[in-house]
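The values are calculated or read from the model by the stated rules, or taken from the named source; none is laboratory data. The structure displayed is predicted, hence computed values, not measured ones. In this analysis, Cβ positions are derived from the backbone assuming ideal geometry, glycine residues included, and neighbour counts consider all displayed protein chains.
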Amino acid sequence: MRINLLSSFAAGIFIATTICGVVYFTDDTTTQNASAKSSEKGQLTAAQMKEELESAGYVVQTKEELEKTLEAAKGIETTPADSEEKNKPVTEVVVNVADGMTSIDVANVLVQASLIPDAFTFTQDIEARGLQNALRPGSFTVNSGMSYDEIIGTIFTN
């Protein structure tokens, strides 16, 4: 009795699959719609594609234009923003790490000192580097002249 029941179930699945397959492969409405849409637009020229993208807000450059832009950017020595950054005073901060502090506590101290922009991103980066257990108690001196990686290397010792 059980084998007949299983055979009947398998036959029903097979018939349903066959019907769905026949309907799917014989239905031409999807291919007709796709071919109608492609024939409406036709082939765009390179100038038309560039114009279409620029009207949508994209910046389109050829390879030669990109190379010229990059060469021009290399030729610029310093900008006024760079010179202001060089004349900016260095802020030095002493971070006191006590027992039980976590990377988010250290990140909040660094955010208050304006050494990093976001505490959450800093904490995620510490976890991604596997340094969440490398925080040891002590006093660490960091300054605004240090890079992001130097700050992490100073406070988190592995």
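Only one residue in THR78, THR69 is at pLDDT 80 or above and either in contact with a Phe, Trp or Tyr (Cβ under 6 Å, 6 or more places away or on another chain) or among the hydroxyl-bearing types (Ser, Thr, Tyr) (or both), so which one is that?
Checking each option against the conditions leaves just THR69.
Could we say that SER103 is in contact with a helix residue (DSSP H, G or I) (Cβ under 6 Å, 6 or more places away or on another chain) and either at pLDDT below 90 or surrounded by 10 or more Cβ atoms within 10 Å (Cβ to Cβ) (or both) here?
The answer is yes for SER103.
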